[in-house]
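Step one of this worksheet: look at the structure below.
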Amino acid sequence: MKLMGDSKKTLKYFLSRKWKAMIFIAALSFIVAFFESLATFAIYPVLSLMSPETVSGVHNSNLDTIMSWITSHSPASPLYAAVVLLFGLTLIKLVLSYGNILLTWVTANTIYQETQIQIMSSLLRSDYQFLLSAQKGDLAYRALNAPGYVSKITNVIPMITVEVLKTLMLMTMLFLISPQVTLFLVIIATLYFLVARYIAGNVSYGTGSGRAKSASNQSIHAMNALKGIKAIRLFGVTKFWIDQFARECKNFYFFARKDAAITGIPSMLLELVSVSFICAMALYFTGNGKNFLGNLPMIGVFAYSLLKLLPSLKQISNYGMELMANLPHAEAAYHAIEESERYQGNAGGHEWLNAFQSQIAIKDVSFYYANTKKPAVRNVNVEIAKGQFVGIIGPSGSGKTTLLDLLGGLLKVSSGEILLDGKPIDSFSSESMSDHISYVGQDPFLYNETIRNNILFGRKDPGNDAIRQALRKADVLEFVESLPGGLDFVVADDGMKMSGGQRQRICIARALLRNPEILLLDEATSALDHKTEEKIIETILRIVRQDRDTVIFVTHRKSAIQQADHIIKMKDGQVLTPEEPSSVSPNRETDGDLRPEI
Ligand SMILES: Nc1ncnc2c1ncn2[C@@H]1O[C@H](COP(=O)(O)OP(=O)(O)OP(=O)(O)O)[C@@H](O)[C@H]1O
Ligand SMILES: [Mg+2]
């Protein structure tokens with residue numbers, strides 16, 4: 001997956017999602033700022049009415065107008081009116097400001113959680129091949145961490161807008177007072193923006209990209225380490241794995257430190273340049289018999305304007321740098337959405353599969369995994385009739401799992417077609433297919449939940465009796481009942497609290513609970529002892545014969561396929577001539593690692 005680039009697309013994508021809310025927030029922030037200044041200003045009438053002598057020296061036409069307005073509109077007590085005005089304005093400012101804080105928080109966090117959900121759902125719905133080549137740790141970072149930075153960006157943009165508006169308003173006001181002073185300020189502000197933009201665009205974005213890459217690597221290392229903890233311990237390489245993770249943490253810290261060191265520079269420069277300018281003016285006007293006192297008001301206006309403008313300019317550059325530093329994370333989130341949506345594939349077609357009636361036909365099917373030159377399955381032609389028990393055998397890497405994944409609709413054929421009752425399987429919706437097809441994979445998947453939930457696996461609970469029956473068919477009921485809590489026993493991550501064979505049988509029970517018409521088993525009994533395997537196969541065969549279900553069974557064991565109606569023998573992705581089960585021989589050349597039973 002791409003990590004950097006597409007800044008504009010990223011911003012456009014995320015901002016357009018909540019643009020109304022963001023414009024509203026920016027407008028509200030502006031009103032808050034307006035009321036804040038009014039409320040600050042409203043202290044003046046209170047003070048002047050409390051002690052007229054202290055402020056009697058100050059004369060300003062605007063203030064005088066307001067004072068006379070208050071006095072003429074409050075015959076009872078002008079002081080009382082001034083206090084009410086101050087209190088009222090402060091109250092309005094506080095209410096608006098509280099509303100604004102709340103709205104900003106809600107918008108940012110809505111974007112946060114909506115992005116998380118969107119990334120996760122489009123990843124889970126995306127094409128299986130696309131997921132096969134992605135790194136799970138990286139995907140976890142993109143779905144869990146990156147959206148947090150998206151919300152930071154959407155949070156900062158209204159704030160930048162407000163600061164820019166405030167600066168423009170101040171500039172306009174200053175322009176009315178003194179066009180020369182404003183020109184000077186425009187030059188200072190432009191220079192400052194150029195420096196800040198350069199730093200934000202190059203340094204902040206660069207450190208942000210470094211941090212995004214490190215965050216992704218941290219997630220990859222952490223996930224791999226926790227997943228492979230058994231192998232890591234047994235191979236005695238714990239330190240190596242800790243060091244790998246620590247390296248990424250240090251990388252992240254390095255970029256964060258660089259960012260912290262650089263962020264303050266533009267605002268410090270701005271302050272330095274402004275102060276130097278005022279000092280230079282002061283020195284210039286005091287030297288060579290110049291009239292300093294006469295120029296004092298002008299110097300005062302310069303100093304005052306800078307004092308007002310500096311905080312806004314500093315904020316704009318800080319927010320800008322924050323935005324650029326967070327942008328690479330947002331790009332990571334954007335690319336996850338964009339790519340997984342581009343590779344959507346698991347929804348299947350629009351047709352609803354009501355029942356499997358007659359036949360599966362594999363017609364001249366070939367399949368290439370992404371970026372491979374050699375087909376994993378090549379020109380396969382097979383017909384499987386309803387109610388058959390079909391065995392697939394062949395050496396490791398010969399394409400058995402791939403063929404099964406094609407039959408399950410998990411992978412899409414590169415050429416040829418797979419027909420279900422005469423219709424291409426990709427014309428059926430995957431939802432309706434999964435109502436009729438169950439799958440037990442080579443690596444049984446269990447998660448940290450109860451046995452009941454692992455068997456239900458998101459389906460509606462048909463009740464304990466049905467679950468027990470499925471467990472009985474998979475020859476694991478007795479074991480489950482011996483566990484503390486029985487069906488409510490929590491199996492730990494990957495079913496770690498159970499043996500490999502027990503895990504396989506729970507997964508078989510999960511598949512059988514669905515009463516599938518087509519059962520795909522990929523070495524589903526490989527971890528079982530010969531006797532248990534035989535028992536399960538017998539049960540499955542009984543169901544097959546009774547309900548006319550179809551079972552396609554990949555195995556390395558001769559015993560498991562001895563009762564098969566049909567055998568598909570694979571080598572190098574191709575199907576060798578079909579044989580009757582009775583004639584299957586443990587031929588090492590063609591059957592590869594076909595293991596003898598113990
Ligand atoms: N995700 C993948 N990307 C690229 N090549 C793959 C991928 N998965 C499998 N292959 C290749 O496709 C070929 C067939 O693999 P497949 O898993 O179907 O073999 P198999 O017959 O099931 O082997 P085994 O008995 O070991 O399970 C192998 O050469 C394998 O290396
Ligand atoms: Mg396999």
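Here, each number is a calculation from the coordinates, and none is a lab measurement. This is a predicted model, so every value here is computed, not measured. Positions of Cβ are backbone-derived with ideal geometry, glycine not excepted, and every protein chain shown enters the neighbour counts.
Observations
- Charged side chains reduced to their Cβ positions (Lys and Arg at +1, Asp and Glu at -1) give the chain a dipole of some 1320 debye around its Cα centre.
- Taking label points 7 Å from Cα along the Cα-to-Cβ direction, Glu341 and Asp465 give a separation of 4.8 nm.
- Anisotropy class of region 331-425 from Cα gyration tensor, a/c 1.5 cut: oblate
- Counting Lys and Arg as +1 and Asp and Glu as -1 over every other residue whose Cβ lies under 14 Å from the Cβ of Gly573, the net charge comes to +3.
- Counting only DSSP beta bridges whose two residues both lie in the chain, roughly 50 percent are antiparallel.
- Percent of alpha-carbon pairs separated by more than 18 Å within region 388-461: 54 percent
- Spread of Cα-to-Cα distances over 10 Å intervals beginning at zero, given as percent, for the chain: 3, 12, 17, 18, 14, 11, 8, 7, 6, 4, 1, 0
- Each residue, Glu538 and Leu15, gets one label point 7 Å from its Cα in the Cβ direction; the gap between the two is 7.1 nm.
- Vicinal HN-Hα couplings computed from phi for region 8-25 (Karplus, 6.51 cos²θ - 1.76 cosθ + 1.60; Hz; Gly/Pro x): 5, 4, 4, 4, 4, 4, 6, 5, 5, 5, 10, 5, 5, 4, 6, 5, 4, 4
- Computed over the chain, relative contact order equals 15 percent, with contacts defined as Cα pairs under 8 Å that lie 6+ residues apart.
- Cα shape, region 134-217, gyration tensor, a/c 1.5 rule: oblate
- Efficiency of FRET between Leu307 and Cys249 - r from beta-carbon atoms, R0 41 angstrom, step 0.05: 0.45
- If you take the Cα centroid of region 438-474 and the Cα centroid of region 157-184, the two points sit 67 Å apart.
- Legend: residue pairs Lys535/Lys569; Lys12/Lys152; Lys9/Lys213; Lys8/Lys250, Cα-Cα distance threshold 26 Å; pairs beyond threshold, Lys8/Lys250.
- 3J(HN,Hα) couplings calculated from phi for region 242-247 with the Karplus curve 6.51 cos²θ - 1.76 cosθ + 1.60 (θ = phi - 60°) are, in sequence order, 5, 4, 4, 5, 4, 4 Hz; Gly and Pro show x.
- Val237/Ser121 FRET efficiency (R0 35 Å; Cβ-Cβ; nearest 0.05): 0.45
- Taken along the Cα-to-beta-carbon direction at a fixed 7 Å, the label points for Ile23 and Val84 span 3.8 nm.
- Expressed per residue, the C-alpha convex hull volume of region 359-591 stands at 126 Å³.
- Loop-resident trypsin sites (Lys or Arg not before Pro) (DSSP state other than H, G, I, E or B) in region 458-498 with no more than 10 further Cβ atoms inside 10 Å of their Cβ: Lys460.
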